[in-house]
Amino acid sequence: MTLAEKIRRLPEAPGCYLYRDSTGAIIYIGKAKNLRHRVRQYFHASRWRDVKTAELVAQIADLEYIVTDTEIEALILESHLIKQHQPRFNALLKDDKHYPHLKLTINEPFPRVLKVRRIERDGALYFGPYLPASLADQLLDLIQREFRLRPCSDEVFHTYRRKGRPCLQYQIKRCLGPCVEGLFGREPYWEAVRDVRMFLEGKNRDLAQSLRERMERAAEELRFEAAARYRDLLRVVERLSEEQKMALTTEVDADIFGLHTDGRRLALYLFTMRAGKIIGKRDFYWEALPPGDLGGFLAQVLVQYYAAGEYVPAEIVLPVPIEDRPLIEQWLSQKKGRRVRVYEPKRGMKRELVALAAQNAKLAFEEHFRVLRPEAPDVLQDVARALNLPRLPERIEAFDVSHLRGTEMVASLVVCEGGTMRKSEYRQYLVRTAREGDDYAALREVVHRRYARLLREARPLPDLVLIDGGRGQLRAAVEALEALNLGELPVAAIAKREEILYVKGWADPLILDRHSPALHLIQMIRDEAHRFAVTFHRRRRRQRDFASELLAIPGIGEKRKELLLRNFGSVSRIRRATIEELRPFVGERLARRIVEHFAASERPSEEEAGILEIGSPSG
């Protein structure tokens, strides 16, 4: 079944759709209230004004779908599928470490508090995450010292229960001793458990009020030892409340997000607010954001973040509007069991906190990537020093080769001058002599053509030639330069996966610090050469596919196809040509047939309702 037929047969039901490329890899996962209407929108002409959609649709070769009962189920399923398959056109929430949580085991007869790194559906309560990680240890120590819940495992607990005497933790006043019957009853122990829960939930004001009432009641009843214990706990809670640096006048649980972007890199910063107080923070980083707007990206991140956790705050405060806000609010409200508000504040304290989170995101960005915006001469000096260049690489020229299983081989040249990309000097090459799939021969050809021309025209040579590839690609470029007696020209290659540099004349590869500004500049130039080559290759493939479509028109063979392409210069001009413009080359009847053919392919049928035919030049 063709892709167009699959689109026509999509059900009008909620669910998720999965796009695959020609290799079968999943490249995008989305959810829809109406699968048929949503998927058709991707192939509608008006959507092509969006760069991300154009690039995505150009690679779609197949699709699958999963029907759900409700849109919320589709939202949750989308999050799970994205985390499972990690398609490159989706925003992925990546976190290279599991931050600690505190687990209150209310599913046990005598609960305890544990530090854990994974949340499980086991009936216990989880609090966190805590950042820095040492904060979890500090809280755990405070709970055992002040609230004195048992720290032992069930096996140790039952061992001392059989012995009828408590362990050393009870003697040093770090456990209430519930293992010995009659020493500390079940009800008083659960009172301490409830205190710990309020403490971990950040409800310090409620806890302080409860402790004060119990202290006064114990004093009235002449239970002075219990009153002293409540007094000591009250002092600890009040001290912690006073030490809280950031507080609002209203008590509210909220997650406050801020972000900072630079190019395709982004840092996302999260303040965790409980009972009106900031009790923690968390940060996430993306080195290669998928194309698109921040609203769509942030919506996907929120769904993945809250789908993975147990606790949902009453408010989620954002720096930018997000897609599907009402739907996400509805899902979060169902998950929490009460209304959850997702919004972007325009003014007031919350807006100031978002600005503060954004400020922290910027600082975290610079710390994580170590991109302190150094001046271009400084970065170029770092590159010269790292590669042992004879002079500052004011002009860097980079090459890349692109093809699909050896077909339609093309190459690109991009130029960086003074740390700035010079797009007016970019060049694209059709590989003429190399065998299909021979990257080395293609590089030799293109590098030779480039610098042979510069020598003929007496134009200045670059200070550094950069190749997208490894040792083999480096060798091919050096051979091409040596054939032109340019063996003294510095050449380096950078491999994509390992991010290792191979330098001409060096026996061992060069490994730069991954946060090095010099490496970032080299990566940026390499990525631009790759992007430019891939873009050219895709355009050539579309032209090839279109040229093949010409042969499907009765009366057009190879000779007339070549005649049309030679005289009109491009496939898009043939598509737009009128009968009068085509007549001198193919005659009146065939000119009319060509115009009618493409007019029919562009005109949607009633059934397709505005969907472009798959395989047309626009796709």
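Only the coordinates and a few stated rules stand behind these numbers; no lab work does. Quick caveat, the model's predicted, so the values are computed rather than measured. Here the Cβ is made from the backbone with ideal geometry for all residues, glycine too, and neighbour counts use every protein chain on show.
The antiparallel fraction among DSSP beta bridges confined to segment 376-539 stands at about 70%.
Given R0 = 22 Å, the distance between the Cβ atoms of LEU392 and ARG422 translates into a calculated FRET efficiency of 0.85.
In plain terms, the chain from ARG385 to ARG217 could stretch by 53.0 nm, reckoned as 0.36 nm per residue minus the Cα-Cα distance. The value obtained for segment 3-85, namely the Cα convex hull volume divided by the number of residues, is 87 Å³ per residue.
Note that segment 166-241 shows a convex hull volume over its alpha carbon atoms of 98 Å³ per residue.
Of the GluC sites (Glu not before Pro) in segment 141-233, which ones lie in a loop per DSSP and count no more than 14 other C-beta atoms within 10 Å?
GLU181, GLU221
Between rounded, prolate and oblate, where does segment 376-539 land on the alpha carbon gyration tensor, with a ≥ b ≥ c its root eigenvalues, rounded for a/c under 1.5, else prolate if a/b exceeds b/c? Cα axes put segment 376-539 in the rounded bin.
Ratio to report: Rg/Rh of segment 449-491, with Cα atoms as the point set and Rh obtained by the Kirkwood method; give two decimals.
Ratio of gyration radius to Kirkwood radius for segment 449-491: 0.96.
Relative to the compact-globule estimate of 2.2 N^0.38 Å, the Cα radius of gyration of segment 101-202 comes out at 1.05.
Multiplying the residue separation of ARG456 and ASP508 by 0.36 nm and removing their Cα-Cα distance gives an extension gain of 15.2 nm. Here's the picture: a label point sits 7 Å out from the Cα of GLU12 along the beta-carbon direction, and within segment 19-39 the residues with their amide nitrogen under 17 Å of it are 32-39. Between ALA58 and ARG165, what FRET efficiency follows from the Cβ-Cβ distance if R0 is 60 Å, with the result rounded to 0.05? Working from the Cβ atoms, E equals 0.20. Here the Karplus relation 6.51 cos²θ - 1.76 cosθ + 1.60, evaluated at θ = phi - 60°, turns the backbone of segment 470-487 into coupling constants of x, 5, x, 5, 4, 4, 5, 5, 4, 4, 5, 5, 5, 5, 9, 6, 10, x Hz, with x for every Gly and Pro.
Quick check on my link table: of LYS33/LYS346; LYS83/LYS335; LYS115/LYS335; LYS31/LYS203; LYS115/LYS336, which ones sit more than 28 Å apart, alpha carbon to alpha carbon?
LYS33/LYS346; LYS31/LYS203
Scaled against the 2.2 N^0.38 Å expected of a compact globular protein of N residues, the Cα radius of gyration of segment 254-369 reads 1.02. For GluC sites (Glu not before Pro), the sites in segment 437-482 that DSSP calls loop and that have at most 12 other Cβ atoms within 10 Å are GLU457.
Return the percentage of antiparallel bridges among DSSP beta bridges fully within segment 254-369, rounded to the nearest 5 %. Let's see the in-between values first.
Numbers: 18 of 24 bridges.
Within segment 254-369, antiparallel bridges account for around 75 percent of the total.
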